[in-house]
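See below for the structure under consideration.
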Amino acid sequence: MTKSKPFFARYSLLILMAFAFATPLVIQGAQKAVKSNTNKVQDWLPKNFRETTELRWFRQHFVADQFVLISWDGCTLGDNPELPDAKPDDPRIERLAKFLVPNPDVKPARGEPAGYQGMFQAVTTARRLLDDLTSKPSEIPYLEARARLQGVLIGPDEKQTCIVVMLSDAAIKDFRGVLARSVADGKRLLRRKPGILWEALDQCGIPKDSVRLGGPPVENVAIDEEGGRTIARLGAISGVLGLVLAWWSLRSIRLTAIVFACGILSAAAGLAAVNWSGNTMDAVLMSMPSLLYVLAISGAIHLVNYYREAIKDHGLEGAPEEAIRLGWKPALLCSCTTGIGLGSLYVSDSEPIRKFGVFSALGVFLMLIMLFLLLPAALQMWPARAWLPKKGEDDDQPHQRHDPHAGTMWSEAVWSAVCSFLIRHNAVVTIGCILFISVVGYGVTKMHTSIDLLKLFDESARVRKDYRWLEQNVARLVPMEVVIRFPKDAIRDEEIDVEVDQIPDTLSLLERMEMVARIQETINRELGPGGRDLVGPPMAAATFAPSVPEGRDVWAVARRTTTNAQLEASHRNLTKSGYLATDASDGAELWRVSLRAAAFRNLDYGQFVESVRQIVEPVLAAQRLRQLVLRQLVADHPGESFAGDAVCI
């Protein structure tokens, strides 16, 4: 009866052919996954958090945080054009604005492609806003209008200015293609080209080295670019370390190449799984390939060590099968525990952490395919004949049959001495390890979490340098929004007669704007440059409206009536400013107060949001008290008018 050939002796060629056919598909999937690397802050937010719901709601009603602030050396605002010998603005400002959005008077629907290559929806410059503020219907004096924009679009020197660009939905889907300094040129991997915005800057004669960009999309692109550099560095470092480890352990170019191939394919398979599942890479997931590569190298070296023992005991025939028989259980248990640990990250509220856990766990189990199929098939096809015992060698004296190019036996004496020491002094070693873990574990109590994206970058990173320059010379950049909601039944239409008893529960357009302006002023007083200096001057619809008349005499009442009529006539312009909207679901009026917080003040954003709530609440409480007082006055004096009267409480 003939003995059948071992499994890998029969099927190693087929297995290797299958891997040879599958490898191009895996590499292609890995390349697509790396190219899909994109980081958007909203994707990092837990979908079930209240803040995520509020952000989603805000973006449905306002053009949100998809803005890019652009400035450069020499981007300066000129003098009042009405003055004799007035210095003009930097001509490149208006040139770039018209280049990005040639028809500023044509307002596309929110997110609709417009402007240069359909990527830019709207452009705002300080000069255009000054012209709007100083002309009808607002007719604000030039110096007052400039003061309103200082710290927003005009720097503290009253000269340095900027351009603010709102991105279209097409640009939001491809931040890197628009904002990256260098992107792949189509299918030609080695050819690079500047992003669309950089092309426009070049067309307008603005030197790239002097340009500074800011805004949430810029941070997202910076994370993408740093992620790409990180995977390149990690890939190079882990690749070299893996090769050195494999060579140090195996002392064989052939076996090192086999182990290296298992590591590379394991990392590529993990990346390909991301692409095949329809997901995209992010900054956290970019660390997965290096993890899988190192784990695969380690597991392959362990199995090759079992393979060496099998050759020593049984010869080459059946050695791969014997190695798998001896090593499958520890390899599987190790991979299962690692996979379970990584998979447990799925309970995280952060989407990038969840994706890292899931795909790393999946990659660990894909790695087992390489270790249990590719590795033994390759060992069968290219056996390590140098490990065969030489004739006349005594198996009981392994040091006598050492071949310096055959394996790791040169280090057995060293590791035997280390193991003997650990066994003899096990109690001391155990106590020492416990003390070490305790000392290191104490450091966990000193850890602090942060959602400050800029802290993810090194001090020398371009994005940090740009942000510092912009905050010192133009304006602050970290966006935060406050929305005041007036229900439909609280809105008083001046064209419709209102009963006296309805006046306490309704507000005219002027009164609504006054309330928003008080909130704006209170935030500026407490948190702005004159207070704790945590935010720049807030922006709201009141910024674009004429000054509200003060006083309680007859003339003041008349001026307020006239101002309210002007506001009603310019309601559409207020809406176009982006700071006033209507909720289509219930007709409520939404007034936006836009804040820009300091990027380098180490803000605890949770406490900061709570501070804003505490500042706004007294204004709202005062409005509620005003409503109660008016109700009481109307109830006590039915049919009487209180226009211009003062109430002392």
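Miscellaneous remarks
- Any hit, the stretch 546-563, residues being under 18 Å from residue 522 (Cα atoms), surrounded by 13 or more Cβ atoms within 10 Å (Cβ to Cβ) and at pLDDT below 70: yes
- Taking the stretch 54-79 as the range and being touching a residue at least 60 places away in the same chain (Cβ under 8 Å), among the aliphatic types (A, V, I, L, M) and not in a loop (DSSP other than H, G, I, E, B) as the test, the residues that pass are 68, 69, 70.
- Selection status of residue 386, part of a helix (DSSP H, G or I) and either at pLDDT 90 or above or under 30 Å from residue 49 (Cβ atoms) (or both): no
- With respect to the conditions (1) in a helix (DSSP H, G or I); (2) among the charged types (D, E, K, R); (3) at pLDDT below 85; (4) in contact with a Leu (Cβ under 9 Å, 6 or more places away or on another chain), residue 466 lacks only one, and its number is (3).
The rows are residues; the columns are (1) among the aliphatic types (A, V, I, L, M); (2) surrounded by 22 or more Cβ atoms within 10 Å (Cβ to Cβ); (3) in a helix (DSSP H, G or I); (4) touching a residue at least 24 places away in the same chain (Cβ under 8 Å).
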{"site": "202", "(1), (2), (3), (4)": "no, no, yes, no"}
{"site": "221", "(1), (2), (3), (4)": "yes, yes, yes, yes"}
{"site": "234", "(1), (2), (3), (4)": "yes, no, yes, yes"}
{"site": "247", "(1), (2), (3), (4)": "no, no, yes, no"}
{"site": "279", "(1), (2), (3), (4)": "no, no, no, yes"}
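- Filtered residue count, the stretch 17-41, keeping only those that are open to solvent by less than 30 Å² (accessible area, probe 1.4 Å) and not in a loop (DSSP other than H, G, I, E, B): 4
- Every listed requirement among (1) surrounded by fewer than 15 Cβ atoms within 10 Å (Cβ to Cβ); (2) part of a loop (DSSP other than H, G, I, E, B) is met by residue 51 save one, (2).
- Of all the criteria given as (1) part of a loop (DSSP other than H, G, I, E, B); (2) closer than 30 Å to residue 72 by Cβ, the one not satisfied by residue 471 is (1).
- Of all residues in the stretch 158-169 being in contact with a Ser or Thr (Cβ under 9 Å, 6 or more places away or on another chain) and not aliphatic (A, V, I, L, M), the one that is surrounded by the fewest Cβ atoms within 10 Å (Cβ to Cβ): 159
- The residue that is nearest to the chain's Cα centre (by Cα), among those in the stretch 576-591 that are farther than 20 Å from residue 489 by Cβ and either modelled with pLDDT under 70 or of a type in the set (Ser, Thr, Tyr) (or both), is 579.
- Summed over the stretch 281-307, residues that are open to solvent by less than 30 Å² (accessible area, probe 1.4 Å) and of a type outside the set (Asp, Glu) total 16.
- For the stretch 346-364, a residue qualifies if it is surrounded by 15 or more Cβ atoms within 10 Å (Cβ to Cβ) and over 19 Å from the mean Cα position of the chain (by Cα), and the qualifying residues are 358, 359, 360, 361, 362, 363, 364.
- So residue 264, is it farther than 23 Å from residue 22 by Cβ and modelled with pLDDT of 85 or more: no
- Complete set of residues in the stretch 124-147 that are open to solvent by 20 Å² or more (accessible area, probe 1.4 Å), over 15 Å from residue 573 (Cβ atoms) and aliphatic (A, V, I, L, M): 143, 147
- Among residues of the stretch 527-547 that are touching a residue at least 12 places away in the same chain (Cβ under 8 Å), those with a Cβ under 8 angstrom from a residue that is part of a loop (DSSP other than H, G, I, E, B) and aromatic (Phe, Trp, Tyr), sequence gap 6+ or separate chain, pair up as 539/579; 540/579; 541/579; 543/579; 544/579.
The values are calculated or read from the model by the stated rules, or taken from the named source; none is laboratory data. Computed from a prediction, not measured in an experiment: that's the story for all the values here. When we count neighbours, we look across all protein chains shown, and the Cβ atoms used for this are built from the backbone with ideal geometry, even at glycine. We work out accessible area using only protein heavy atoms, side chains counted, and drop any ligands, DNA or RNA first. Shrake-Rupley method; radii C 1.70, N 1.55, O 1.52, S 1.80 Å.
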